[in-house]
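First the structure, in the form of structure tokens, and then the observations on it.
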Amino acid sequence: MNDLWNQIKLASEWLTASAQWHGEDGIPHRLGQHLYYAGASLLLAMIIGLALGLLVGHTGRGGFLAASLANLGRAVPTIGLLLLVITVVGLSVTPVIVALTALAIPPILVNTNEGVRGVDADTKDAAQGMGMTGWGVLWRVEVPMALPLILLGLRTAAIQVVATATIAAYGGLGGLGRYIVDGLSRNDYQLVVGGSFLVVLLAFIVQLVFTLLRRLVVSRGLLGQAKSS
Amino acid sequence: MDIDWGWIGEHTSQLTDHAVIHLRLALLPVLFGLMISLPLGVLCRRWGWLYPPSLTIANIFYAIPSLALFMIFVQYTGLTASTVMIPLTLYSLAVLLPNVVDGLGSVAEPVRQAATAMGFGTLRRLVQVELPIAVPVVIAGIRVAAVSSISLVAVGQLIGQGGLGYDILRGYQLDFPTQIFAGTVLIIILALVTDALLVLLQWLLTPWARARRGRAS
């Protein structure tokens, strides 16, 4: 426990040193890069994952294909994909976004599909009986009822992306991973711990944001019975 | 991108060695994770209050980036295999524990009562009735944990633990795409084959599901 305390002390000393707070290698700049990589990838993955998930879940077709695609996405090692794309297109933001998007799609796709598919058939029947069309059923019944699972998928994806964006630094790019990679190569342990601490903090903030989001957007009738898994 | 197939042909034995190390580093943690989550899941079913705090702790670990967690463990376990395997074990818990608990929860009450009526004690009912019924849900969790673990271990190379992550980073350092490609594709293949074997295992472990499907068709 003493060691853990030392690590926290090291990290806080590093964080409070004024040198960390400006310039190219300063925390605000690195954090901005990190959030840019993560945000852009998450947005892309949301567009692809939600669209496919809603389509497959609503029509009930292509479930096997979607599951296989998600499985393949999970199997791809993010670091391999990142470095491979860098060797093909060169050093830019594109490889990072490609690799992180591939990482984020599976949880969004799987949970959206499961959520929509899991809506009770009687409920959908009732909605149709009330005169709702396919779109009406999708937007006013299926999506609201699937929302807890959809949000869970987005949360998992967001945490993984924020955590994994650190590997951008291995390709020679920026982000908070820079501190960990530079610290490792310079044998500067304080830098490694400080950088790790920031990434962990960011992951917790993401988790917190999704917990709040869930309270705000999920229908109150669902919260009591929503599955937590 | 030009792939030098000749290089891959000449290095098959090296790549095979790395694949074996890779699988060991990736799958032992899932096994350890299962050894923890099975008894813990049973206890969580028995005493419901135990589940929320256990799951919260597992989720907290899950939210810690692998690279950061590896770095923290370097201080305690040095640059050894444990530094990679302990964090991966902790990650697997976040996937395995809910699936064990949900799997045990999927046992219908009449089934449980029937087992009790046939004179099964708590332990025998657990081993012969509840756990077998939970197999599909538990294996679904193992599949996700195993596949993620196999692709995550590549990051373990950053603290020098070998496996196919070595080929990915080495290829990048030497600006030799073939080696990156070989490492990446082999990891994908290992993950997909492991996944397929787990599906097969589920098929073998649940003969009753086969019988039901056979009758229906």
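The values are calculated or read from the model by the stated rules, or taken from the named source; none is laboratory data. Please read these numbers as outputs of a predicted model, since none were measured by experiment. Ideal geometry is used to build each Cβ from the backbone, glycine not excepted, and the neighbour counts take in all protein chains shown.
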Q) If residue A:182 passes every condition in (1) surrounded by fewer than 20 Cβ atoms within 10 Å (Cβ to Cβ); (2) of a type in the set (D, E, K, R); (3) facing chain B (nearest Cβ under 10 Å) but one, which one does it miss? A) (3)
(Q) Considering only region B:200-211, I want to know if a residue exists there that is outside any helix (DSSP H, G or I), out of contact with any Ser or Thr (no Cβ under 7 Å at 6 or more places or on another chain) and either farther than 25 Å from residue A:71 by Cβ or at pLDDT below 90 (or both). (A) yes
(Q) I need the full set of residues from region A:38-86 which are among the polar types (S, T, N, Q) and either surrounded by 20 or more Cβ atoms within 10 Å (Cβ to Cβ) or over 29 Å from residue B:177 (Cβ atoms) (or both), in order please. (A) A:41, A:59, A:78
Q | Flag if residue B:161 is modelled with pLDDT under 90, among the polar types (S, T, N, Q) and part of a helix (DSSP H, G or I) | A | no
Q | Long-range neighbours under 8 Å by Cβ, at least six apart or interchain, first residue within 13 Å of residue A:83 (Cβ to Cβ) within region A:163-179, second among the basic types (Lys, Arg) and modelled with pLDDT of 85 or more | A | A:169/A:178
Q: Can you give me the number of residues within region B:165-186 that are surrounded by 20 or more Cβ atoms within 10 Å (Cβ to Cβ), more than 8 Å from chain A (Cβ to nearest Cβ) and not hydroxyl-bearing (Ser, Thr, Tyr)?
A: 4
Q: Those residues that are of a type in the set (S, T, N, Q) and over 23 Å from residue B:186 (Cβ atoms), I need them from region A:59-111; list them, please.
A: A:59, A:92, A:94, A:111
Q) Regarding residue B:204, is this residue within 30 Å of residue A:90 (Cβ to Cβ) and either hydrophobic (A, V, I, L, M, F, W, C) or touching a residue at least 40 places away in the same chain (Cβ under 8 Å) (or both)? A) no
Q) at negative phi and touching a Gly at 6+ places or on another chain (Cβ under 6 Å): does that describe residue B:25? A) yes
Q. With respect to the numbered conditions (1) touching a residue at least 24 places away in the same chain (Cβ under 8 Å); (2) in contact with a helix residue (DSSP H, G or I) (Cβ under 7 Å, 6 or more places away or on another chain), which one is the sole condition not fulfilled by residue A:98?
A. (1)
**Q.** Filter pass, residue A:169 being buried (at least 20 other Cβ atoms within 10 Å of the Cβ), modelled with pLDDT of 85 or more and facing chain B (nearest Cβ under 10 Å)
**A.** yes
Q) Which ranges mark the helices (runs of 4 or more DSSP H) fully within region A:30-133 that have 1 or more residues being under 16 Å from the mean Cα position of the chain (by Cα)? A) A:63-75, A:78-89, A:93-117
Q: Please note which helices (runs of 4 or more DSSP H) are completely contained in region B:39-156 and include at least 1 residues that are more than 14 Å from chain A (Cβ to nearest Cβ).
A: B:81-105, B:109-117, B:122-125, B:131-156
Q) Right, residue A:206: surrounded by fewer than 24 Cβ atoms within 10 Å (Cβ to Cβ), in a helix (DSSP H, G or I), touching a helix residue (DSSP H, G or I) at 6+ places or on another chain (Cβ under 7 Å) and away from every other protein chain (no Cβ under 14 Å) or not? A) no
Q: Residue by residue through region A:76-96, note down the ones that are hydrophobic (A, V, I, L, M, F, W, C) and within 15 Å of residue A:170 (Cβ to Cβ).
A: A:79, A:81, A:82, A:83, A:84, A:85, A:86, A:91, A:93, A:96
